[in-house]
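FYI, it's all coordinate maths here, none of it is from the lab. In this text the structure is predicted, and so the values were computed from the model without any measurement. Quick reminder, even Gly has a Cβ in these numbers, built from the backbone with ideal geometry, and neighbours come from all protein chains shown.
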Amino acid sequence: MALLINNACTACDACEPVCPNEAISVGDPIYIIDAFKCTECVGAEDEPQCRLVCPEDDCIVENPDFVESEDELQQKYDMLNG
Ligand code: SF4
Ligand code: SF4
């Protein structure tokens, strides 16, 4: 499951530097997660790093259009970093 940034985003820039997959980019007005690059941090970290640093509640949520299993997320990570 890739994650998604919603309208609660204040463009604070905390999340962009911590993403291991460089999946987050500066958008206008809110930041954007590239669902093809987000692995929910599977492969790199124990939990989603963007969620850890985001100061807003319920701002980074699951992307319903990218439902993926843990195994699929690991494969995605390996493809990105292969
Ligand atoms: Fe990047 Fe991890 Fe957040 Fe996905 S969950 S956007 S891989 S920091
Ligand atoms: Fe937006 Fe949260 Fe990222 Fe800040 S950390 S830019 S509020 S998604």
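Unpaired cysteine residues in the chain (no second Cys Cβ under 4.7 Å): CYS9, CYS12, CYS19, CYS38, CYS41, CYS54, CYS59.
So how tilted is helix 70-80 from the main axis of the chain? Cα-based, degrees 0 to 90, rounded to 10. Result, in degrees: 90.
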